[in-house]
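One structure is given here, and the rest of the page talks about it.
The values are calculated or read from the model by the stated rules, or taken from the named source; none is laboratory data. What you are looking at is a predicted structure, and each value in this text was computed from that prediction instead of being measured. As a convention, Cβ positions derive from the backbone with ideal geometry for all residues, glycine included, and neighbour counts pool all protein chains shown. These accessible areas exclude ligands, DNA and RNA; they are computed on the full protein's heavy atoms, side chains included. Shrake-Rupley method; radii C 1.70, N 1.55, O 1.52, S 1.80 Å.
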Amino acid sequence: MANDCHFHSEVISVSEQTTKHISHLARTIPPSGIRRYFDIAQQMEDIVSLGVGEPDFMTPWKICDAAISSFEHNTSYTSNAGLPSLRNAISQYLDQRFGTYYDPDHEVVVTSGVSEGLDVAIRATIDPGDEVLTVDPIFVSYAPCITMSGGVSVPVPCLEKDQFRLTPDAIMERITPKTKALVLNFPNNPTGAVMRREDLCSIADICVDHDLLVLSDEIYAEMTYEGDHVAVASIPELYDRTITLSGFSKAWAMTGFRVGYLCAPKELCQAALKIHQYVMMSAPTASQYGALEALRGELDDVREMIREYRLRRNMIVDGLVRAGLSCHMPQGAFYAFPSIESTGLSDIEFAERLIREAHVAAVPGSVFGPSGAGHIRCAYAVSRSDLSIALERISDFISSL
Amino acid sequence: MDTKDNDLLFLLEKDCTLPLHELAAMLQCSEEEVASRRAMLEEEKIIRGYTALIDWDRAKNPSVMAIVELRITPEHEYGYDRIAERIARFSNVKSLRLQTGTYDLQLLVQGKTMHDVASFVSEHIASMDRIKETATHIIMKTYKENGVLYYEREDGKRLPFSF
């Protein structure tokens with residue numbers, strides 16, 4: 001700028017000048033509900049955080065090693081859809097592990113994490129005015145992504161009395177002629193709920209009758225503790241109308257790699273690929289080599305981490321119940337979702353006082369949608385010693401109320 | 001051996017000092033059940049013992065550790081077992097394994113000084129019948145033992161919140 005702004009009034013006018021360039025969408029989309037807690041946490045020294053939605057494990061070193069080695073021979077873009085060898089590996093993995101086959105040449109796109117996958121999936125399918133049913137509570141990005149596509153997000157409550165599973169009745173109550181799609185996220189963040197085969201079959205008919213597209217985010221599939229994960233696309237009636245999103249961030253502890261995938265029948269997949277190629281070109285190449293290594297051989301590292309999460313889950317649920325909270329036993333993901341209604345506080349108040357008074361960070365359930373109110377999300381992706389400290393502090397905090 | 005036994009072994013192998021109540025919470029059973037499962041695993045000698053992992057360098061202990069490898073002519077009928085059991089009797093042989101490759105037995109030997117280790121190997125081990133060759137490697141530094149790092153590492157910090 002040619003003139004320095006010496007006067008306050010000028011600064012304001014410059015700031016207004018700048019603000020007016022911001023789109024209506026960016027101005028009106030609500031910020032993340034967690035910013036406030038983040039700021040409090042940053043100011044404190046001895047916080048134990050159960051607010052982190054990512055593994056506490058380091059990425060298995062053979063994966064890092066493969067990514068590092070890749071720099072010696074390939075730092076170019078990959079094909080838009082991703083390395084052919086990685087798409088092959090993903091296709092085989094999904095087929096063998098969950099019984100869902102996708103043609104690696106036309107039905108798999110490697111994305112920059114599920115976050116990008118869900119963005120392109122929604123943009124490829126949702127028109128302005130379309131209503132999209134989303135399980136509630138759910139991971140925070142869905143509603144804003146739907147809004148950004150001009151769609152209308154319609155939360156479908158998944159209640160504790162149903163073990164936070166999605167029921168056919170809840171869907172039926174919210175279907176209108178404008179309903180275009182249903183977003184599923186099981187194992188669920190934040191509740192840890194899973195959908196059994198019979199649960200999915202019971203909603204499959206509705207999806208067929210009302211011609212709904214299904215977007216299924218299965219990033220926590222490997223973290224299913226009792227029985228096997230049932231992929232939505234493994235339900236024959238749903239395969240043709242399902243876009244499956246998943247990735248490596250959680251089970252392989254690869255959050256910073258930013259690599260995931262989108263799989264769908266050819267036409268849907270190619271539509272998503274078209275958007276992906278304009279907004280992302282291709283997922284980071286080194287990360288794709290890391291992901292390829294992740295799928296090679298036995299998944300021993302993953303199994304060991306999952307066992308550890310399962311044992312911690314038992315520990316945290318036991319501790320929360322001893323502290324006086326009611327807490328359903330999550331069957332998947334790495335979150336406990338206790339009810340804090342017995343304390344008489346709202347989830348927002350509880351989380352704020354918990355961090356200020358007990359120095360334990362947890363996320364208020366209502367951040368994940370209206371049905372999350374009255375609960376807090378406690379991630380157990382922390383070491384057992386930290387978990388022990390957190391549980392003791394939570395117990396003392398509840399006694400002090 | 002069921003899943004609970006397996007989980008119990010997994011937990012104890014990493015930390016055998018875990019209190020019963022924590023084990024019980026993680027295994028979703030009573031403390032009594034954990035105790036009886038553990039007793040059973042001890043009785044069956046699946047659990048061979050409970051020891052501490054000590055960084056003797058940090059404790060400023062002046063002892064010397066060496067890996068000693070031996071080539072052996074196996075015995076008719078007994079193979080390597082009898083000679084291995086003879087070697088295992090020495091209290092300064094801390095571990096002993098049969099391995100594949102150029103050498104057959106691998107010993108971890110402890111001594112007060114390098115000379116101590118050398119004379120033990122030449123006088124007591126190399127002189128035994130059926131030992132064809134020895135190779136002694138003095139350990140200079142331990143970086144990792146039983147899955148535990150013997151050095152500090154600064155890992156990247158996670159954000160206090162993420163979804």
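Net length available on complete extension from A:Tyr93 to A:Arg356 is 90.2 nm, with 0.36 nm assigned per residue and the Cα-Cα distance removed. For region A:134-203, the average shadow cast by the Cα convex hull is 4.6 nm², which is a quarter of the hull's surface. Eigen-decomposition of the gyration tensor built on the alpha-carbon atoms of region B:36-163 gives equivalent ellipsoid semi-axes of 34, 22, 15 angstrom, largest listed first. The simple spin-label model puts a point 7 Å past each Cα toward its Cβ; for B:Leu20 and B:Gln99 those points are separated by 4.1 nm.
All alpha carbon pair distances within region A:62-294 were sorted into 5 Å bins beginning at 0; the resulting P(r) in whole percents reads 1, 7, 15, 20, 20, 17, 11, 6, 3, 1, 0, 0. Summed over qualifying helices (DSSP H, 4 residues or more, each -39500 (n - 2.57)) and divided by its residue number, the protein assembly as shown shows a 222 nm mean residue ellipticity of -11500 deg cm²/dmol. For region B:3-43, what does the alpha-carbon gyration tensor say about shape, rounded, prolate or oblate, given a ≥ b ≥ c as the root eigenvalues, a/c under 1.5 as rounded, and a/b over b/c as prolate? Rounded shape, in that the Cα axes give a/c under 1.5. About its Cα centre, the protein assembly as shown has a charge dipole of approximately 920 debye under the convention of +1 per Lys or Arg Cβ and -1 per Asp or Glu Cβ, with nothing else charged. Taking the centroid of alpha carbons for each part, region A:83-108 and region A:21-41 are 37 Å apart.
Check cross-link reach from A:Lys250 to the aspartates and glutamates: straight Cα distance under 12 Å, and skip same-chain residues fewer than eight apart. Straight-line reach from A:Lys250, under 12 Å: A:Glu54, A:Asp56, A:Glu218, A:Glu222.
Once the chain from A:Arg35 to A:Leu345 is taken as fully extended at 0.36 nm per residue, the excess over their C-alpha distance is 109.6 nm.
Based on the reciprocal of the average 1/r between different C-alpha atoms, the Kirkwood radius for the protein assembly as shown equals 27.2 Å. The GluC sites (Glu not before Pro) found in region B:28-123 that occupy coil by DSSP, while having at most 11 further C-beta atoms within 10 Å, are B:Glu44, B:Glu77. Cα centroids of region A:313-327 and region A:276-292: 40 Å apart. Calculated on the Cα set of region A:240-303, radius of gyration then Dmax: 13.2, 37 Å.
When the scattering of region A:248-388 is computed by the Debye formula from its Cα atoms alone, each counted once and equally, what is log10 I(q)/I(0) at q = 0.16, 0.17 Å⁻¹? Debye intensities relative to I(0), on a log10 scale: -0.96, -1.00. Measuring nothing but how far apart in sequence close Cα pairs (under 8 Å, 6+ apart) lie, relative to its length, chain B scores a relative contact order of 21 percent. For region A:52-135, the convex hull drawn through the C-alpha positions has a volume of 175 cubic angstrom per residue. Pick out, in residue order, every one of the trypsin sites (Lys or Arg not before Pro) in region A:269-310 that is DSSP loop and has at most 10 other C-beta atoms within 10 Å; say none if there are none. Passing both the DSSP loop test and the Cβ count: no residue. Across region B:113-163, what fraction of all alpha-carbon pairs, as a whole percent, falls in each successive 5 Å bin from zero upward? Taking every Cα pair in region B:113-163, the percentages come to 4, 12, 15, 11, 10, 12, 10, 5, 5, 4, 4, 4, 3, 0. Under the combined filter of DSSP loop state and at most 14 neighbouring Cβ atoms within 10 Å, region B:2-99 retains these trypsin sites (Lys or Arg not before Pro): B:Lys45, B:Arg48, B:Arg58, B:Lys60, B:Arg89. Average accessible surface for the protein assembly as shown: 50 Å² per residue, computed with a 1.4 Å probe over protein heavy atoms with every protein chain in place. Gyration tensor analysis over the Cα atoms of region A:165-293 returns equivalent ellipsoid semi-axes of 27, 19, 12 Å (largest first, whole Å). Straight-line cross-link partners of B:Lys132 among the lysines, defined as a Cα under 29 Å from its Cα and at least 8 positions apart when in the same chain: B:Lys94, B:Lys112, B:Lys141.
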